[in-house]
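Below is one structure, written out as structure tokens; comments come after it.
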Amino acid sequence: MLGATGSIGLSTLDVIARHPERYAVFALTAFSRVAELAGLCLRHRPAFAVVADAAAAALLQAQLADAGLATRVLVGEAGLAEVAAHPEVDAVMAAIVGAAGLTPTLAAVEAGKKVLLANKEALVMSGALFMQAVRRSGAQLLPIDSEHNAIFQCLPVDYSRGLGAVGVRRILLTASGGPFRETPLAQLDAVTPEQACAHPNWSMGRKISVDSASMMNKGLELIEACWLFDAPPSRVEVVVHPQSVIHSLVDYIDGSVLAQLGNPDMRTPIAHALAWPERIDSGVAPLDLFAIARLDFQAPDEQRFPCLRLARLAAEQGGTAPAMLNAANEVAVQAFLERRIRFPEIARIIDHVLSAEAVLPVEQLACVFEADRRARVRAEHWLNRRA
Ligand code: NAD
Ligand code: MG
């Protein structure tokens, strides 16, 4: 469990706890929330726990020893990579948020694990190399992002032969439109982090909540879908669906359109990927269609949500463009959460970084990290100039 204390981490532990005969937790990781991680260790008794630094590790090790637990505490990126690739591990939930998840997620991929991918930023950054590593190692990559999990469920098992070969015309990626779908444009300048994080349908971590409000989340998901399903960006269409009941659709050449529906609760895709190809109880209530009564659809508004246009552009450019888009977005979202910038400036920072930095081919992972670094420097520079 990479990112055990997060929103996806806790939902995953909830599903796992329902099936003690099937699953045992081998390792739990967190960045800094030592007390929360200690609580999770007491409950799930992992062999390993990983935290960011030596001080947090010492604190955690002392708390676990007091409780009589033999859990070993490891530190930092090396610790994350060690547990992700450990021979006793079958499956890795990659649920760290942002670029910080790339190295440990890749370690799990390279070790040939069953990788449950929530950390979309890792795939967005390193797409081609990530998918090459999956093929080389024989890792089984299963999408946790609800849309991609839905698409996976709507595709035939042999979709890796190519979408054209299995008769797929388009992937229809649904989006709720977030909390600002109908906010008057003039008011977007004044929206707060609290408003941005108050998602109408989903309860999630703060970074992805802001991404949902800007629709950068859908932009990242567009890129994620292109890599997971080997689709050109032109085959992926974004459909705004405010109820978040249909989690995405696949449109076939014979006119059939398959959709996956469910209550908006991440325990459904998590349980699906954990048990695949079997099905297990996730704790999610059955869908009540009569209570939902109607499903609405709209085209996305790229004027209101320029991040979507920027992400599509990065997807089309390829190379280091998606890594730079992601890095600039991470800096911009953090600045917005810290109230250093206004909401519409998130897109402006990303636009600035993408127009100022050259897009380069990605031959090795070092190119990705270098593009990430340069984009962050450029975004910070924009922030400092503004201040
Ligand atoms: P979160 O902020 O709630 O949790 C993030 C987790 O990552 C925490 O356990 C934290 O300790 C850990 N972490 C953060 N920075 C770290 C670092 N530098 N090093 C090591 N660990 C670090 O986030 P979340 O909402 O659970 O999202 C996790 C991932 O799943 C994101 O990539 C997000 O896009 C994706 N995702 C989330 C949802 C959702 O419903 N929350 C849905 C789809 C996809
Ligand atoms: Mg999603």
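What to note about this one:
- Order of Phe180, Phe297, Phe369 under a 10 Å beta carbon neighbour criterion, fewest first: Phe297, Phe369, Phe180
- Springs between Cα atoms under 10 Å define the GNM used for the chain, and in it the highest mean-square fluctuation of Pro179, Pro277, Pro143 occurs at Pro277.
- Remark: spin-label model distance Asp90-Leu261 equals 3.3 nm, labels positioned 7 Å along the Cα→Cβ axis.
- The simple spin-label model puts a point 7 Å past each Cα toward its Cβ; for Arg43 and Glu82 those points are separated by 2.6 nm.
- Pair Gln303, Leu188: separation of 7 Å Cα→Cβ label points (nm): 1.1 nm
- Relative pair counts by distance (%), Cα atoms of the stretch 220-313, 10 Å bins: 13, 36, 38, 13, 0
- Screening the chain for DSSP H helices whose Cα atoms reach 20 Å or more along their own axis and whose mean Kyte hydropathy is at least -0.5 gives 120-137, 321-337.
- Sequence-separation-based contact order of the stretch 121-218, relative, with Cα cut under 8 Å and 6+ spacing, percent: 18 percent
- Taking other C-beta atoms within 10 Å as the exposure proxy, Asp145, Asp251, Asp296 rank Asp296, Asp251, Asp145 from fewest upward.
- Amide H to amide H, with H built 1.01 Å from N, Leu74 comes under 5 Å of Ala49, Val50, Val51, counting only residues 5 or more places away or on other chains.
- Alpha-carbon Debye profile of the stretch 318-387, log10 I(q)/I(0) at 0.12, 0.19, 0.22 Å⁻¹: -0.28, -0.65, -0.82
- Across the options Gly79, Leu40, Gly112, the greatest Cα extent toward the positive end of the charge dipole of the stretch 19-137 (unit charges at beta carbon of Lys, Arg, Asp, Glu) belongs to Gly112.
- Computed from the C-beta positions of Ser234 and Ala65, the FRET efficiency with R₀ = 56 Å rounds to 0.50.
- DSSP beta bridge pairing in the chain, given as percent antiparallel to the nearest 5: 30 percent
- Normalised by 2.2 N^0.38 Å, where N is the number of residues, the C-alpha radius of gyration of the chain stands at 0.96.
- All-pairs Cα distance distribution in the stretch 272-339, expressed in whole percent, bin size 10 Å: 15, 22, 21, 37, 5
- Here Lys207 is the anchor, and the lysines within straight C-alpha reach of less than 21 Å, apart from those fewer than 8 places off in the same chain, are Lys120, Lys218.
- FRET efficiency for Met131 and Glu370, using Cβ-Cβ distance with R0 set to 25 Å, rounded to 0.05: 0.80
- Across the stretch 145-316, Cα-Cα distances exceeding 20 Å account for 54% of all pairs.
- Helical mean residue ellipticity (222 nm; -39500 (n - 2.57) per DSSP H run of 4+; nearest 500) of the chain: -14500 deg cm²/dmol
- Antiparallel DSSP beta bridges within the stretch 7-143, percent to nearest 5: 0 percent
- Projected onto their three principal axes, the Cα atoms of the stretch 1-160 cover extents of 51, 31, 26 Å, largest first.
- Fewest-first ranking of Lys113, Lys218, using other Cβ atoms within 10 Å as the exposure measure: Lys113, Lys218
- Based on Cα contacts under 8 Å between residues 6+ apart, the chain shows a relative contact order of 14 percent.
- Relative contact order %, the stretch 145-316, counting alpha carbon pairs below 8 Å whose residues are six or more apart: 31 percent
Bear in mind these aren't lab numbers, they're just calculated from the coordinates by the rules spelled out. Treat the numbers as computed from the prediction; the structure is a model and nothing was measured. Every residue, glycine among them, receives a Cβ derived from its backbone with ideal geometry; neighbour counts consider all protein chains shown.
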